[in-house]
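In what follows, a structure is listed as structure tokens, so that the remarks can point back to it.
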């Protein structure tokens, strides 16, 4: 018997050789030790905001040392004549037909896009300054993001929680029912007792979150920020790819429709119309303009009151509570800008940008991108603007 260098006995003398990986042109990837993200999360306002914090914030806003009141006066001075020009344009539309879209093309003899972007930039800077003051003088908290969750769980009744837990338990134990060690005479309670500890062994552990992903092409777990960005971009680019080519022209005049029920050989032909289009065929023009709702300050303040609290902010970092705590003069500047945007039909480009956050579902493998749910976080002013437009329509 011969004892080889690997430590076992054999009746043959093995031939052992070592070949460098450089000669084989092979690349061996060593698993990287992924450390959880220890970056300290930023502070957010403590919700709900107390009445004392409301008073403190109102006093701090009026403090000249913060520079917010000076920015407010400059914005009011610039928006005053622009607002009057836009209101005169909108009220002058009452004598014209509302069937076609009419927009204001210039403001103070300047292109509307340039004016809207400039005023929106000034208003956003003032709102950001107010947000920084609120974080200094109001009660704040540090959101817990150790488990990858960036949202507050919705309240659920105890009965629903119990049923959901039982259903989840049955789903997890279902693969074990085909185990040959389980006899048909065993009770379900015994099966649950046997496999509950095994199945829910890791249920109490916190998930690390999005720190590594499996590349669907190479099946290699990547942890570098560049590779994570590439994997996420490739995944959602393919998932959200449009089937048809986008042209941007979707009006009936630019893209004529051909509905099945409007064909001559249709068994049940009919025409889609409303009471407005029906009256227009008779020569009666009763299509109303919608700018009256935009000019209404009560409708604007109602949109602010309807904003939900304790919501994650967008790229601007401003939460909805800042809008509800702002003085009346600051709200009027926002309303004035909204009037300009409605009259010109222009939305600031910076407002349309959002951040997409991947929230861990709490199930599935953490390295699988399907275990995360994408949530878009829009800017606060953009959410307020879209809500007012939606209420107007």
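Any read-out appearing in this document is the output of simple, stated calculations on the displayed coordinates, not a laboratory observation. Computed from a predicted structure; not experimentally measured. We place every Cβ from the backbone using ideal geometry, glycine too, and count neighbours over all the protein chains shown.
Some notes on this structure:
- Distance between modelled label sites at residue 121 and residue 163, nm, 7 Å Cα→Cβ extension: 5.5
- Debye log10 I(q)/I(0) at q = 0.18, 0.23 Å⁻¹ for the range 339-386, Cα point scatterers: -0.64, -0.81
- Applying D = kT/(6 pi eta Rh) to the range 317-361, where Rh is the Kirkwood radius over alpha-carbon pairs, T corresponds to 37 °C and eta to 0.692 mPa s, the Stokes-Einstein value obtained is 251 µm²/s.
- Taking 17 Å as the cut-off, no amide N atom of the range 237-266 comes nearer than this to a point 7 Å along the Cα-to-beta-carbon line of residue 93.
- Counting neighbouring Cβ atoms within 10 Å and putting the fewest first, the residues 372, 219, 259 line up as 219, 259, 372.
- Were the residues from residue 237 through residue 312 laid out at 0.36 nm apart, the gain over their Cα-Cα distance would be 24.5 nm.
- At 1.306 mPa s and 10 °C, Stokes diffusion of the range 225-325 via Kirkwood alpha-carbon radius, µm² per second: 78
- For 342, 289, order by how many other beta-carbon atoms lie within 10 Å, fewest first: 289, 342
- For 128, 94, 316, order by how many other beta-carbon atoms lie within 10 Å, fewest first: 94, 128, 316
- Protection proxy ranking, peptides 222-230, 271-279, 133-141, average beta carbon neighbours within 10 Å, highest first: 133-141, 222-230, 271-279
- Model label sites at residue 386 and residue 266, defined 7 Å from Cα along the beta-carbon direction, differ in position by 3.2 nm.
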